[in-house]
Amino acid sequence: MAHDEVVERYSDLARAALAGQVIADCSTNEFAQGNFGAAGYDDLGALPEGAVRASLGCGNPVAVAELRAGETVLDLGSGGGIDVLLSARRVGPHGKAFGLDASPDMLALARRNAEQVGVSNVKFLHGAIEHVPLPDQTVDAVISNCVINLSSDKAAVVAEAFRVLRPGGRFGVSDVVVDGDLDPVRRAAAEQRIGCVAGALPVEEYHELLAQAGFVGIRITLSADHGDGVHSAIVQAVKPAIGPGLEVRPMREADAAQALAIYQAGLDTGQASFETTAPDWERFTAGKLPHLRYVAADTQTGEVVGWVAASPVSARPVYAGVVEHSIYVHPGCQAHGIGRALLAAFITASEDAGVWTIQTGIFGENAASLSLHQALGFRVVGTRERMGRHHGTWRDVLLMERRSAVVGT
């Protein structure tokens, strides 16, 4: 469904709600039985009847967003404002709840509902969820309720959610998903019964979009079965945590020069690798997996200050869940927690990708790297004695690995 069609459809529903009518986004029977609308909530006390009546969601994202007092939350496609008002209650007077909607009529309805409650820590914004009108790293949590599936550019929505979240921020939405690729007949039947199934993604594709944007700790939990392969789901993910002024995000080709310069600086210390010269970008990228590559970057300048990436251990299927990783931090930025943040994000992302063992080889003299890896669950499994000559000296390499407690157990 085109953007303008979506806006007009929900504007019509908003005008009906403003006129005091009970509204539904799909067949009345499906709406009542499928846990849509207000049926998904258990804490609606003190909310105005108009907000409850105008609820069109497919779950209760506020219940899974883990909101805390003083936080800032953004609701994508806030509709009549029910999730914004519930969020405002949870974050308290020192927190803030933003609602974003493309329909002026929905915004009018939401503002009226907020006035009736008398809350002052809410703000409703007009705009598209593909272009959020907020600065970078503004909010602690992004929620949404059966809206992202309506977007024709879901990658942009997820990328915007990642952009506006602070490091460590949470993505927690209710949405409609499909079980694999539905054949046209089943999809048509589902869309006839459930209006908001249009554009719903398969679970695997939703997961991939979140990973490509940079989210880790991705969980998609089916919460209701609507038949014909259609489900309501709770979708949760986290933006990797790191210190102020920095961001952990996926590595891009535009990062090549800076990443390779950091690589060379690490090699120049004589403690990072037997290699003495960093490869060019073509050889670097050819030797790494296309996913599981992250950088730590300054949010003001864009300067890359560290990176982590994975290489396959073997092409044999039995080793599909085993990778070897490399991690490098700019020499002038060490001892600031950057390496720890990068490695922690990498570990979580690797488990999201089905990796059960991460391996690495470290010179015994590299105490800082050994300490970092041991702190994040790596153990020494052996010593490869006199592995090779480095600057004329035979050197041992400690083989370390981390076995997941989540994948392959």
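The values are calculated or read from the model by the stated rules, or taken from the named source; none is laboratory data. Being a predicted model, the structure only gives us computed values, none of them experimental. For neighbour counting, all protein chains shown are included, and Cβ atoms are generated from backbone atoms with ideal geometry for every residue, glycine included.
Okay, here's what the table says:
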| quantity | calculated |
| --- | --- |
| Failed condition for residue 407, given (1) among the hydrophobic types (A, V, I, L, M, F, W, C); (2) farther than 23 Å from residue 304 by Cβ; (3) part of a strand (DSSP E or B) | (3) |
| Selection status of residue 174, within 18 Å of residue 101 (Cα to Cα) and modelled with pLDDT under 95 | yes |
| Residue tally, condition of a type in the set (Phe, Trp, Tyr) and surrounded by 21 or more Cβ atoms within 10 Å (Cβ to Cβ), over the stretch 302-321 | 1 |
| Members of the stretch 290-338 found to be at pLDDT 95 or above and charged (D, E, K, R), listed by number | 293, 298, 303, 324 |
| Hits in the stretch 254-306 (condition: of a type in the set (Asp, Glu), over 19 Å from residue 342 (Cα atoms) and in contact (Cβ under 8 Å) with a residue 12 or more places away in the chain) | 280 |
| Subset tally (residues that are under 27 Å from residue 303 (Cβ atoms), in a loop (DSSP other than H, G, I, E, B) and either touching a helix residue (DSSP H, G or I) at 6+ places or on another chain (Cβ under 9 Å) or hydrophobic (A, V, I, L, M, F, W, C) (or both)) for the stretch 328-368 | 3 |
| The lone exception for residue 116 - which of (1) among the polar types (S, T, N, Q); (2) closer than 24 Å to residue 236 by Cβ; (3) not in a loop (DSSP other than H, G, I, E, B) it fails | (2) |
| Residue match in the stretch 69-79 (condition: in the same structural domain as residue 121 (by TED's automatic domain parsing), at pLDDT below 90 and more than 18 Å from the chain's Cα centre (by Cα)) | yes |
| Residue tally, condition buried (at least 17 other Cβ atoms within 10 Å of the Cβ) and either basic (Lys, Arg) or out of contact with any Asp or Glu (no Cβ under 6 Å at 6 or more places or on another chain) (or both), over the stretch 292-301 | 4 |
| Residue match in the stretch 84-105 (condition: among the β-branched types (Val, Ile, Thr), in the same structural domain as residue 62 (by TED's automatic domain parsing), within 23 Å of residue 161 (Cβ to Cβ) and part of a helix (DSSP H, G or I)) | yes |
| Residue among 136, 153 that alone is over 15 Å from residue 78 (Cβ atoms) and either free of Cβ contacts under 8 Å to residues at least 40 places away in the same chain or of a type outside the set (D, E, K, R) (or both) | 153 |
